[in-house]
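The values are calculated or read from the model by the stated rules, or taken from the named source; none is laboratory data. Note that the structure is predicted; figures quoted are calculated from it, not measured. Quick reminder, even Gly has a Cβ in these numbers, built from the backbone with ideal geometry, and neighbours come from all protein chains shown. These accessible areas exclude ligands, DNA and RNA; they are computed on the full protein's heavy atoms, side chains included. Shrake-Rupley method; radii C 1.70, N 1.55, O 1.52, S 1.80 Å.
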Amino acid sequence: QVQLVESGGGLVQAGYSLRLSCAASGRTFDGFVMGWFRQAPGKEREFVAAVTWGGGTPLYADSVKGRFTVSRDGAKNMVFLQMDSLKPEDTAVYYCAAKRGFTDLSDSYQYDYWGQGTQVTVSS
């Protein structure tokens, strides 16, 4: 059974950093894409970043490009989202997700597995 477990969320002031982690288990993830999404209150879930399990070029939403970095450690079955220069508008529940195949990386409906989410709150 596939499990994705996020950690590392919290409350920080604007301009500070957080590092989210996602522990993946239950199968091998070769050929998968690992994505990060977020959902703020009253808003739809939106794409943040994605990276192939094999470590290809990451994809980022324009709103986080240059501030967030997605990476993975295949040996430890972990995926990370380093978030720098955080803004109040980054406040949301952040989700780790996994999908087979390398297309439609920003489409949440294409993802097969989801974690439970971790809250990130950025104060001004």
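Computed quantities for the displayed model
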{"quantity": "Whole-Å semi-axes of the chain's equivalent ellipsoid (Cα gyration tensor)", "calculated": "23, 14, 14"}
{"quantity": "The chain: relative contact order in percent, alpha carbon pairs under 8 Å with at least 6 residues between", "calculated": "35"}
{"quantity": "Magnitude of the charge dipole, the chain, Cβ model with Lys/Arg +1 and Asp/Glu -1, debye to 20", "calculated": "180"}
{"quantity": "Per-residue HN-Hα couplings for region 30-36 [Karplus 6.51, -1.76, 1.60; θ = phi - 60°; Hz; x = Gly/Pro]", "calculated": "4, x, 9, 10, 9, x, 10"}
{"quantity": "Accessible solvent surface per residue of the chain, calculated while the other protein chains remain in place, 1.4 angstrom probe, Å²", "calculated": "51"}
{"quantity": "³J(HN,Hα), Karplus 6.51/-1.76/1.60, whole Hz, each residue of region 107-115, x for Gly, Pro", "calculated": "9, 4, 6, 8, 8, 8, 10, 9, x"}
{"quantity": "Phi-based couplings in Hz for region 59-76 (Karplus 6.51, -1.76, 1.60; Gly and Pro marked x)", "calculated": "10, 10, 5, 4, 5, 10, 4, x, 10, 10, 9, 9, 8, 9, 10, x, 5, 9"}
{"quantity": "Reach of residue 43 by Cα under 28 Å, taken over lysines that are not fewer than 8 positions away in the same chain", "calculated": "65, 87, 99"}
{"quantity": "Whole-percent carbon and sulfur share, accessible surface of the chain, 1.4 Å", "calculated": "47"}
{"quantity": "Residue (of 22, 122, 109) at the positive-pole extreme of the chain, dipole from beta-carbon charges", "calculated": "22"}
{"quantity": "Protection proxy ranking, peptides 115-124, 88-97, average beta carbon neighbours within 10 Å, highest first", "calculated": "88-97, 115-124"}
{"quantity": "Cut-off under 5 Å, modelled amide H: who pairs with residue 10 long-range", "calculated": "120, 121"}
